Amino acid sequence: MFTRSVARSSSTLARGFASSARSNRKVAVLGAAGGIGQPMSLLLKTDPLVTGLSLYDIRGAPGVAADISHVNTHSEVKGYEKDDIKAALTGAEVVIIPAGVPRKPGMTRDDLFNTNASIVRDLAEAVAEHCPKAYIGIISNPVNSTVPIFAEVLKKKGVFDEKRLFGVTTLDVVRASRFLGEIKGSDPKDIKVTVVGGHSGATIVPLLSQTSQGKDVTGEAYKALVNRIQFGGDEVVKAKAGTGSATLSMGYAGARFANSLIRALNGESGVVEPTFVKSPLYESEGVEYFATNIELGTEGVKKINPIGSISAEEEELLKACLPDLAKNIKKGVEFVNNA
């Protein structure tokens, strides 16, 4: 629960985001009334780089907008529902999409495919029509498949730009730094773990050997840490006992990614975030999309960084990742093209 100190802390929340040269940036959140959408929208309201916030959902978004519009920061907030998606998207420069059903106990991300695939396809068609030049961040699971779905729709509409489409995998990096920090007794903000691959289970490959705090984690401790990073979402689903999935931490991760993207669009150099994008790194193995550290720029993707030197254990993780990831991507592509 918020306390009476919340008013005094609102400026502190805003300072939690990195800032850059100011520019008017309208951000649309599709799925804003959901478990991820609400906390992420609140965090975006506290981001000084967001000057316009457009919240859309099938129902409930106007209420969310009215609520967070009272937060005393600069941005304007409007809410839209049902058939108002054109108004929600018109003029949007950044679109973050957490829409879809959450995971429940026993469900995998693949179990979500049939429902969320249709939602993402329909939203992609709306984006293609109403804001085709926007930068798109996909949170809707399974990201390994929903990003290809979005891309195939944009291709059919003739507006696909591979530099402007991102799968938001930031939560994997957030978890990795937090979990490693717990083991080492270190502040997670001082720990940066590169996580590559995809955004589900064995497709998540943490490169612990590349960070000073992680390279000496070995044996059973290493296996347990990797498993927790890969299946951290299951931990939350189980703890919530059927009432939800990792919504709050994902809301945080989504807001962090949006802030990084806007900083780069505003001209800040050296902005690097992990994200799932169209990539040549493993394209020869049927993996057209791959998450790695991406340098962001004024046009979106500026540089796709290679994964670098990795350990023998990480080679095995990557070997397990690639076939699964290729299947996930193919499933998304076929959903659109075989419809």
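The values are calculated or read from the model by the stated rules, or taken from the named source; none is laboratory data. Owing to the predicted nature of the structure, the values given are computational and were not obtained by experimental measurement. FYI the Cβ positions are ideal-geometry reconstructions off the backbone, even for glycines, and counts take in every protein chain you see. These accessible areas exclude ligands, DNA and RNA; they are computed on the full protein's heavy atoms, side chains included. Shrake-Rupley method; radii C 1.70, N 1.55, O 1.52, S 1.80 Å.
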How many residues of the stretch 298-339 are within 21 Å of the chain's Cα centre (by Cα), of a type outside the set (D, E, K, R) and closer than 25 Å to Lys157 by Cα? The answer is 8
When every residue in the stretch 90-115 that is modelled with pLDDT of 95 or more and within 19 Å of the chain's Cα centre (by Cα) is compared, the one most open to solvent (accessible area, probe 1.4 Å) is Glu93
Taking the stretch 61-86 and the residues there that are part of a helix (DSSP H, G or I) and of a type outside the set (Gly, Ala, Ser), the one that is most open to solvent (accessible area, probe 1.4 Å) would be Lys86
When the stretch 121-135 is checked residue by residue, the ones that are open to solvent by 40 Å² or more (accessible area, probe 1.4 Å) and either under 10 Å from the mean Cα position of the chain (by Cα) or within 25 Å of Ile204 (Cβ to Cβ) (or both) are Arg121
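Count, please, the residues in the stretch 136-172 that happen to be open to solvent by 10 Å² or more (accessible area, probe 1.4 Å) and either modelled with pLDDT under 95 or assigned to a loop (DSSP other than H, G, I, E, B) (or both).
To start, the set of residues in the stretch 136-172 that are open to solvent by 10 Å² or more (accessible area, probe 1.4 Å) comprises 141, 152, 154-164.
Right, trim to either modelled with pLDDT under 95 or assigned to a loop (DSSP other than H, G, I, E, B) (or both) and you get 141, 157-161.
Within the stretch 136-172, residues that are open to solvent by 10 Å² or more (accessible area, probe 1.4 Å) and either modelled with pLDDT under 95 or assigned to a loop (DSSP other than H, G, I, E, B) (or both) number 6.
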Of the candidates Ala320, Ala246, Ala241, the one satisfying the condition of being open to solvent by less than 60 Å² (accessible area, probe 1.4 Å) and over 23 Å from Val29 (Cα atoms) is Ala320
Here the residues within the stretch 193-206 that are among the aliphatic types (A, V, I, L, M), under 21 Å from Val237 (Cβ atoms) and open to solvent by less than 10 Å² (accessible area, probe 1.4 Å) are Val195, Ile204
The number of residues in the stretch 41-60 that are under 21 Å from the mean Cα position of the chain (by Cα), over 16 Å from Gly254 (Cβ atoms) and open to solvent by less than 40 Å² (accessible area, probe 1.4 Å) is 2
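Among the helices (runs of 4 or more DSSP H) confined wholly to the stretch 228-339, which include 3 or more residues that are within 20 Å of Arg175 (Cα to Cα) and modelled with pLDDT under 95? Explain how you work it out, then say what you get.
Working: elements: 232-239, 248-265, 312-337.
The qualifying helices (runs of 4 or more DSSP H) are 232-239.
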Condition set open to solvent by less than 10 Å² (accessible area, probe 1.4 Å) and closer than 27 Å to Met107 by Cα, scope the stretch 173-192, selection farthest from the chain's Cα centre (by Cα): answer is Leu180
Residue hits (the stretch 173-195; part of a helix (DSSP H, G or I) and not aliphatic (A, V, I, L, M)) are Arg175, Ser177, Arg178, Phe179, Gly181, Glu182, Lys184, Pro188, Lys189, Asp190
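Does the stretch 6-13 contain any residue that is of a type outside the set (Asp, Glu), under 22 Å from the mean Cα position of the chain (by Cα), at pLDDT below 95 and open to solvent by 30 Å² or more (accessible area, probe 1.4 Å)?
So the first thing to find is which residues in the stretch 6-13 are of a type outside the set (Asp, Glu), and the list is 6-13.
From the residues that got through so far, the ones that are under 22 Å from the mean Cα position of the chain (by Cα) too are 13.
Imposing the further condition that a residue be at pLDDT below 95 reduces the set to 13.
Subset that is open to solvent by 30 Å² or more (accessible area, probe 1.4 Å): 13.
Looking for residues that are of a type outside the set (Asp, Glu), under 22 Å from the mean Cα position of the chain (by Cα), at pLDDT below 95 and open to solvent by 30 Å² or more (accessible area, probe 1.4 Å), one finds at least one in the stretch 6-13, hence yes.
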Checked Pro48, Pro39 against criteria (out of contact with any Pro (no Cβ under 7 Å at 6 or more places or on another chain) and within 30 Å of Ala239 (Cα to Cα)); the one match is Pro39
Could you tell me whether the stretch 256-277 includes any residue that is closer than 23 Å to Ser186 by Cα and charged (D, E, K, R)? yes
